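The values are calculated or read from the model by the stated rules, or taken from the named source; none is laboratory data. These numbers were taken from a predicted model, which means no experiment stands behind them. All Cβ positions, even for glycine, are placed from backbone atoms using ideal geometry, and neighbour counts span all protein chains on display. Ligands, DNA and RNA are excluded from the accessible area calculation, which covers all protein heavy atoms including side chains. Shrake-Rupley method; radii C 1.70, N 1.55, O 1.52, S 1.80 Å.
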Amino acid sequence: ICEPPAALFEAVGRYIEEVAASGNLITTGGLLPSSQGATVAVRGGEVIVTDGPFAEATELVGGYAILEADSMAEVIELTKSFIQLHRDTWPEWEGYSEIRPIAQG
């Protein structure tokens with residue numbers, strides 16, 4: 001993966017400011033390189049630790065955002081906007097964002 005363009009960082013900064021101003025943003029954070037992580041799993045009744053959190057070395061989680069919205073449709077639209085800014089500022093980039101609800105309790 002090549003270094004993201006400066007335009008992407010600028011666009012993400014503006015996006016975060018807009019979503020925060022709308023009241024939908026709870027928090028964001030970046031993650032260190034995947035090579036510094038580990039996976040702990042149970043297989044065959046044993047606890048197994050492997051380097052890195054991904055099965056595929058090409059996968060990377062660069063960060064996360066916790067959003068609050070009135071509906072899944074609203075979160076999807078926010079996420080589509082985030083992905084679109086990647087497409088607009090870094091045309092060769094391919095990737096995805098995963099949306100996962102957080103249990104309330």
Look through the stretch 30-74, keep the residues that are open to solvent by 90 Å² or more (accessible area, probe 1.4 Å) and of a type in the set (Ser, Thr, Tyr), and return whichever of them is modelled with the lowest pLDDT. THR58
Taking the stretch 83-98 as the region of interest, how many residues are open to solvent by less than 60 Å² (accessible area, probe 1.4 Å) and under 13 Å from the mean Cα position of the chain (by Cα)? 4
Find all pairs meeting these conditions: Cβ atoms under 7 angstrom apart; at least six residues apart or on different chains; first residue within the stretch 1-27 and more than 21 Å from GLU94 (Cα to Cα) and among the polar types (S, T, N, Q); second residue in a helix (DSSP H, G or I) and open to solvent by 90 Å² or more (accessible area, probe 1.4 Å). none
